[in-house]
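Step one of this worksheet: look at the structure below.
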Amino acid sequence: MKTGSIFNPRSVLDLTYKITAMDAFQNFLFTGDEKGNIYRYNLTPDSVNILAPNSIQQQSFTRARVDQIKIFPHANANLLVLSDQILYFIEASTLRGDVITKEKVCIFALNEFSKVNQLELVMITKKKEGYIMQYNLKTGRFEQMREKFQLSDIPITVAFIGNLFFFGIQKKNYSVINLDDKQLQVANLLMDIGSNPYLKATDSDEILIITTNNIGIFIGKDGQMKQKSTILIQNKTITILTTFKQYLIVLFDNLLQVFNLIDSKHIGDIQLSQAARCITQTSSHLFYGSAAELIYLYQTPAEQQISELLKNGKVEEALQVYSQNNQTTDASKNQQLEQLKLDCGWALVRQMQFSNSLNYILQTNFELRDFICLFPDYYHTAEKLYSVNANPSLQTISLIINKFVQEQLRGDIARGQELKIQAKEFFIDILEKKRAVLTSPQYAYSMKDKLNYITTALNYNQNQWHAISCEQLLELIDFALIKIYLESQSYFPKLKQFLTSNQIYCIQMYSQLQGLFLNNRQIEMQLGILARFYESFNKIDQSLEIWKKFGGDTSNLQEYQEACEETTRILKQNPEKNRIFKFIVWVFKKHFKIGIQIFRISESIITPDQMLKFLEEQDLDVELKLKLKEKYLEILVLEKQTEEERFHTQLAYSYIDSLFTIYPKELDFSQIDIRKDQVTHDQYQALKKFLKNPNAKYNSSSILEKKVKDSWMINEVILLYGREKRHEEALNKLLNLGFYEWAEKYCCDYTDNLLTKLFKKYKELYCYLEGKSKENPTDEQTIKAFNQIKLTVNNFLKKYATHSQLNVLEILDLIPDNWILSDQNEEDGVFQFLKSVISHALHQKRSTITAHRLSQVDLLYLQYQIAISKQANVRMTSEKQCAVCSKSIGEKVFAVYPNAVIAHHTCIKNSTICPQTGRDFERYFKFF
């Protein structure tokens, strides 16, 4: 018997005649031979021999060959027999019968899969004429139903389904006739007939047509191709084609091919010992006849087929058999399929096909301990497996591979070593994938949940397992992975990633694992991995010590940067004051930008005063110490947004002190080039931005008096004067420096009528310089200064004549009597000032008069509205109705709205809103 074959031949009868035709129905099998004899056999389905002994019955009809036997199920299961172009109707029980027609019949077909025309048959005569015959149940005879129809040639294959008769003519085409059509017209099908034409009805609405190269195409009764895959049959002459359950059976001389009708897949081939001549089937049995014997095709149960295929590692074929026998989808089928996939995985493990095995196993909820027990070196103790068996690892992967190598590979040691390496990689993949599932948020396992897994009879140790929690299984996984990763330097990147990215569940096994790490010489060169190991097992100080040693000893930029980053991260994740103070200093020295991240820890761990004191006490370079202090204050003030004024002020001090170390305070501002150096520029911009920050809470007076007053920081001095409302000093500073435009801008930025004060100062300076120029008319510097202030005053009067911060009347009083209105043209300041002031005053006067008159109009209109509203009246009659309920007002208390709407007092919801119009009278009369 062929492994995994769906059908297996078994001889049930040696024949003494040459069989030519056969058919079966229920418990009877009929055959015909070359001499015109008909044989009947009784079938015994429950018997091993299938055919009942001594049950043969024989009857001779003609001396010619029996070409075709067809049981007519709807005619009492009697037989239609074609021999020597004569069609007989034979009684099944006596094997006696009569000729149906005197015509020479070449081929005939019964109506298949139809409940309407099930008593009909179509026969084609030698004259190329077609007859539609119907069996009369009362008379027991066939009667011609309609007029005969003419064909162009005798068909080589026919099929009759419903009201359609299909036929194929050799070297011509396939055609169909609709028997309900009065004209019985022939319609050709658009399919190539090929060299091996064959038609077979496979369903009540489906015909299989064999076309060129033995390609099978399914069409419906409408002649259209079905949405179904084609069948690829071996390209040789077809003896006969039949269906059995969901299978299509194709018979050649010495070959039988089996296809699945549902998905059109080729299931397998059966090589026949003798050439087959005919084939038939009942609902549960399949037979074929050869020259010497009658053979029963025993259908192997699907479970047996799958089992045999799995033993030989043919997992794809096993899954195909399952799919062909389980077309429905439900929960139980899904469970069966999952179990089968696990079986497939283990079957491939037995074949040492580890990579392919993994693809199937990972599709299941497999029992991981079945695999762990194969690798006893990688679990802590047998008790941790929670096995019912005392020794769960009787079969180990090494023993299994050694046996396989001896039996299958002739003791090839090198190949055995390769398989052991593959097995270890396979084990790692299994562990990693199961861990990913157990820790994935989508599964949301509780760590204490007892989990159920599926196992298989194909695994090696056949253990029984106690239920295990998710946490316990993760403990097994983590211990195994760490041990495997430690074995080879090639696994160190995986070990590093594992210790970095995961919560470790084998904490209780720390002592054993620590010994493995410390005794591993290769780990001595990988201090980063050792540090991560200690951290993963909550040995934080040991981890930090190793990072400190690693980062302090190396000059490799990438290595010490990693050490600094990891140290800072650990300190942030495990914040404790003394630990931070102990381990952060070396990071400050090695990598300033990474170290300052520690400043972002909570103030409940380290207060600002503690941190600043710590920084001050450290033996650090002065410049570094100042940078650290400044960065801490920046984070404290700008990010954490502390409210304490002293820290804001200290930050400003720090910025200023840093700038004064670059450009000393005593320098004149004209000597300063902030943009020359990027560091200085950035530092100055930081100070400028901070001082302008409206949320900054620094002490501006302290900064002004103790730091920047009398320094080159003119901008900052003026800004701080403004913040302190010391405008007089700010203006004096700007005027002394000759910054007139800046002084004017400063006045416009505040709302203290400063432009008027600035004009007073302009006037005083003007008068002072005018006197000086008269005293010494040859002093060019004085003359130049006087002309400058004169021009400034002139422009000031023109520019700010209508500004809101300028008191016009006070300015008019301040203008000296000796200032001429216009010197050479009307563009002089005093003239333009008076012109603008007068124009502005007139405009304001007109606007005020207009607003006054518009207000009077509005007042008159409102008075009119009030008068109209007061004139509103209601005349009460018996017909007056409530605007809400539409009932008569009657003698009930009612309310009247200003628009004469009436409503019962009990009906209204709001006394100010009209229930009929929705008008709100309270809002309407609020200005009255």
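Where does the chain land at 222 nm, in deg cm²/dmol rounded to the nearest 500, when only DSSP H runs of n ≥ 4 count, each adding -39500 (n - 2.57), divided by all residues?
Helix contribution divided over all residues of the chain: -12500 deg cm²/dmol.
In the chain, if the dipole is taken from +1 on Lys/Arg beta carbons and -1 on Asp/Glu beta carbons about the Cα centre, which of Met191, Ala480, Cys907 is farthest to the positive end?
Cys907
Just add up the charged neighbours of Met352: K/R +1, D/E -1, any other residue whose Cβ is under 14 Å from the Cβ of Met352.
+1
May I ask you to sort Ser440, Ser488 by Cβ crowding, counting other Cβ atoms within 10 Å and putting the fewest first?
Placing the least packed residue first, the sequence is Ser440, Ser488.
Could you go through the stretch 657-670 in sequence order and give the Karplus-derived ³J(HN,Hα) for each residue, using 6.51 cos²θ - 1.76 cosθ + 1.60 with θ = phi - 60°, rounded to whole Hz, and x for Gly and Pro?
Residue by residue, the stretch 657-670 yields 4, 5, 5, 5, 6, 8, 10, x, 4, 6, 5, 6, 4, 6 Hz.
Please list the non-local residues whose amide H lies under 5 Å from the amide H of Gly97, H modeled 1.01 Å from N, same-chain partners needing a gap of 5 or more.
Placed amide hydrogens put Glu91 under 5 Å from Gly97.
Straight-line reach from Lys420: which lysines fall under 18 Å, measuring Cα to Cα and dropping same-chain residues less than 8 apart?
Lys403, Lys483
Counting only GluC sites (Glu not before Pro) that are in a DSSP loop and have at most 16 other C-beta atoms within 10 Å, tell me the longest site-free stretch of the chain.
The segment 148-575 is the longest one with no such site.
Skipping prolines and chain starts, which residues have an amide H placed within reach, meaning under 5 Å, of the one on Met191, given they are 5 or more residues away or on another chain?
Amide H to amide H, under 5 Å and 5 or more residues apart or across chains, Met191 pairs with Tyr174.
Residue farthest toward the positive end of the dipole of the chain, with Cβ of Lys/Arg at +1 and Asp/Glu at -1: which of Gln299, Gln59, Asn695?
Of Gln299, Gln59, Asn695, it is Gln59.
Explain nothing, just compute: Karplus ³J(HN,Hα) = 6.51 cos²θ - 1.76 cosθ + 1.60, θ = phi - 60°, for every residue of the stretch 609-618 in order, whole Hz, x for Gly and Pro.
So the Karplus estimates, Gly and Pro as x, are 5, 5, 5, 5, 5, 4, 5, 5, 7, 6 Hz.
State the volume of the convex hull built on the alpha-carbon positions of the chain, expressed per residue in Å³ and rounded to an integer.
Enclosed volume per residue, from the Cα hull, is 470 Å³.
Apply the Karplus curve 6.51 cos²θ - 1.76 cosθ + 1.60, θ = phi - 60°, to the phi angles in the stretch 874-885 and return the couplings in whole Hz, x for Gly and Pro.
My calculation for the stretch 874-885 gives 10, 9, 8, 9, 5, 8, 4, 10, 6, 5, 9, 9 Hz in order.
Placing +1 at every Lys and Arg Cβ and -1 at every Asp and Glu Cβ, with all other atoms neutral, what dipole size does the chain have around its Cα centre, in debye to the nearest 20?
Dipole of the chain, to the nearest 20 debye: 1980 debye.
Pairs to check: Lys613/Lys733; Lys627/Lys757; Lys496/Lys590; Lys706/Lys798. Give those whose C-alpha atoms are more than 32 Å from each other in this structure.
Exceeds cut-off: Lys613/Lys733; Lys627/Lys757; Lys706/Lys798.
Once a ≥ b ≥ c are taken as the square roots of the eigenvalues of the Cα gyration tensor of the stretch 872-928, is the result rounded (a/c under 1.5), prolate (a/b larger than b/c) or oblate (a/b not larger than b/c)?
Because a/c hits 1.5 or more and a/b exceeds b/c, the stretch 872-928 counts as prolate.
Classify the stretch 301-364 as rounded, prolate or oblate from the Cα gyration tensor: take a ≥ b ≥ c as the square roots of its eigenvalues, call it rounded if a/c is under 1.5, otherwise prolate when a/b beats b/c and oblate if not.
Oblate.
Under a 5 Å amide H to amide H cut-off, with H placed in plane at 1.01 Å, what residues pair with Tyr198 once short-range neighbours are removed?
Ile210
For the stretch 491-538 and the stretch 318-392, what is the separation of their Cα centres, given in Å?
30 Å
Every read-out reported here was derived from the displayed coordinates using simple, explicitly stated rules and does not represent laboratory data. Predicted model, so just to flag it, every value in this text is computed and none were measured. All Cβ positions, glycine included, derive from the backbone under ideal geometry; neighbour counts span all protein chains shown.
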